[in-house]
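Asks: Below you'll find the structure I mean.
The values are calculated or read from the model by the stated rules, or taken from the named source; none is laboratory data. Note that this is a predicted model, so its numbers are computed, not measured. Every residue, glycine among them, receives a Cβ derived from its backbone with ideal geometry; neighbour counts consider all protein chains shown. Accessible surface is based on the protein model in full, side chains and every heavy atom, while ligands, DNA and RNA are left aside. Shrake-Rupley method; radii C 1.70, N 1.55, O 1.52, S 1.80 Å.
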Amino acid sequence: MTNRVVLSGSLVEKKAKRYTPAGLPVVELTLAHDSQVEEAASQRVVQFEVRVKAVGQVAERIEAVQIGSNVQASGFLAPARQHSKQLIFHLTEFELE
C-alpha cells in the first residue's frame, strides 16, 4: 500500500517549535491550497487548509520559512493522535516555489 502526498500551497500559520520527549524538534503549521482540478469532465475549484506536522531535520528547515511563502510539500497522512479518525499531513520534504 502507498501513503504518499504531494501538495503545493501557501504557509499561513506556524506554531513555535517544540520538542518530543526523545528530543526531536517538532513544528506544526497550516498550509492553504487553492487550485482547479478536472472532475467528471468539468473544472472544479478546490480550496482548503490542511494541518501539517514536521519532525526532525525538516522541522528545523521549515521553521525558517516565512509565513506567506509558497511551498511544494511531500509527506504522508497519519492520525493526529493514536486511535483518532482525524488526519494530519506529516511533512517529510519540501521546496520553496
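Asks: Positive end of the dipole of the chain, charges at C-beta (+1 Lys, Arg; -1 Asp, Glu), about the Cα centre: which of A78, L31, F48 has its Cα farthest in that direction?
Replies: So the residue we want is A78.
Asks: Under a 1.4 Å probe, what is the accessible area of the chain per residue, stated in Å²?
Replies: Value returned for the chain: 68 Å² of accessible area per residue.
Asks: Something else: For the chain, taking Cα atoms only, what is the radius of gyration to one decimal and the Dmax to the nearest whole Å?
Replies: 14.3, 49
Asks: While we're on this one: Full-extension gain between A41 and T92, please, as 0.36 nm times their residue separation minus the C-alpha to C-alpha distance.
Replies: Stretched out fully, the A41 to T92 stretch lengthens by 15.1 nm.
Asks: In the Gaussian network model of the chain, springs joining C-alpha atoms below 10 Å, which of V71, V58, V45 carries the largest mean-square fluctuation?
Replies: Maximum among the listed residues: V45.
Asks: Moving on to the next point. Among the GluC sites (Glu not before Pro) in segment 8-65, which ones are in a DSSP loop with at most 14 other Cβ atoms within 10 Å of the Cβ? Mind listing them?
Replies: Listed in order of number, the matching sites amount to none.
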